[in-house]
Amino acid sequence: MERAEQGSSVLIAAAAEKIAVQIKGILPAGFGKVSFQPSMTKLKQKLTEERYDIIIICTPLPDYGLQSVIDLAAKYPASSILMLVDKDVYQQAVYRAGDSGIMMLARPLSAAGFTATVRLLGTVSRKMQSLYNENLKLQQKLSDERYISRAKGLLIEKEGMTEGEAHRFLEQQAMNTSVTKREVAMKVIRESGRIIINKM
């Protein structure tokens, strides 16, 4: 069985590269790519370029604010976020983060606690990514069904077809033209003069 951390990517944000190297040094073995960014602005920019399974933010950081991390957690729900904060502000940070899903650890860190937390976050991140991907597929399927249902309704209304005939017509057109039923449905809607608003 594959270990939880294998292949997981980690993005570390810390004020100094020296701190990021120390954090990387206590990461469990087996992680994939590990990257470093020196500020929240750079971290956000990096996240627009590629996805990371785990984001470790070592505070304080230039241009850091807890709300910006909470916003990050909402924007990238499939990534697990771990914040390393001074023990003096730990309770306040946990309280302010609320149910955002951000994991907090107080510094100084115990290597064993850090390792266990990162392994857990790797597992959670993979499960969240799987659920996120499944959700996207379901959203696409629902969107497809809306167009197909609308097209069937138009075929019934304008062409006098039964529901079964409209269904077979869309399937046959999709097979004959090597396109999806959604594309055929959109063409039917377009040709009927209705406006298509693509919400995907």
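The values are calculated or read from the model by the stated rules, or taken from the named source; none is laboratory data. A quick note: this is a predicted structure, and the numbers were derived from the prediction, not measured. As a convention, Cβ positions derive from the backbone with ideal geometry for all residues, glycine included, and neighbour counts pool all protein chains shown.
Considering only segment 127-149, state which residues are over 30 Å from Glu171 (Cβ atoms) and either free of Cβ contacts under 8 Å to residues at least 24 places away in the same chain or out of contact with any strand residue (DSSP E or B) (no Cβ under 9 Å at 6 or more places or on another chain) (or both).
The answer is Lys127, Gln129, Ser130, Leu131, Tyr132.
If you go through segment 128-148 one residue at a time, do you hit one that is under 30 Å from Ile26 (Cα atoms) and surrounded by 17 or more Cβ atoms within 10 Å (Cβ to Cβ)?
For segment 128-148, residues under 30 Å from Ile26 (Cα atoms) and surrounded by 17 or more Cβ atoms within 10 Å (Cβ to Cβ): present.
List every residue pair whose Cβ atoms lie under 8 Å apart, where the two residues are 6 or more positions apart in sequence or sit on different chains, the first residue falls within segment 76-92 and is more than 18 Å from Tyr52 (Cα to Cα) and in the same structural domain as Leu27 (by TED's automatic domain parsing), and the second residue, located anywhere, is small (Gly, Ala, Ser) and assigned to a strand (DSSP E or B).
So the pair list comes out as Val85/Ala106; Asp86/Ala106; Lys87/Ala106; Tyr90/Ala106.
Yes/no matrix, rows are residues, columns are (1) among the small types (Gly, Ala, Ser); (2) touching a residue at least 24 places away in the same chain (Cβ under 8 Å); (3) in contact with a helix residue (DSSP H, G or I) (Cβ under 9 Å, 6 or more places away or on another chain):
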| residue | (1), (2), (3) |
| --- | --- |
| Gln45 | no, no, no |
| Pro62 | no, yes, yes |
| Leu72 | no, yes, yes |
| Val94 | no, no, no |
| Ala106 | yes, no, yes |
| Leu109 | no, yes, yes |
| Ala116 | yes, no, no |
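Just to be sure I understand, how many residues within segment 77-92 are touching a helix residue (DSSP H, G or I) at 6+ places or on another chain (Cβ under 8 Å) and crowded, with 16+ Cβ neighbours inside 10 Å? Walk me through how you get there before you give the answer.
Start the filter on segment 77-92 by keeping residues that are touching a helix residue (DSSP H, G or I) at 6+ places or on another chain (Cβ under 8 Å), which leaves 77-85.
Cutting the leftovers down to crowded, with 16+ Cβ neighbours inside 10 Å gives us 78-85.
Counting residues in segment 77-92 that are touching a helix residue (DSSP H, G or I) at 6+ places or on another chain (Cβ under 8 Å) and crowded, with 16+ Cβ neighbours inside 10 Å gives 8.
Would you mind finding the one in Lys42, Lys75 that is among the basic types (Lys, Arg), modelled with pLDDT under 90 and farther than 19 Å from Ala116 by Cβ?
Only one candidate qualifies: Lys75.
In segment 103-127, which residue that is of a type in the set (S, T, N, Q) and either surrounded by 13 or more Cβ atoms within 10 Å (Cβ to Cβ) or at pLDDT 95 or above (or both) is nearest to Lys24 (Cα to Cα)?
Among those residues, the one meeting the criterion is Thr115.
Looking at Phe169 and the list (1) in contact (Cβ under 8 Å) with a residue 24 or more places away in the chain; (2) on the phi < 0 side of the Ramachandran plot; (3) not aliphatic (A, V, I, L, M), which single condition is not satisfied?
Every condition holds for Phe169 apart from (1).
For segment 78-101, enumerate the residues that are under 20 Å from Pro28 (Cβ atoms) and not small (Gly, Ala, Ser).
Restricting attention to segment 78-101, the residues satisfying the condition of being under 20 Å from Pro28 (Cβ atoms) are 79-84.
Across segment 78-101, the qualifying residues are Ile81, Leu82, Met83, Leu84.
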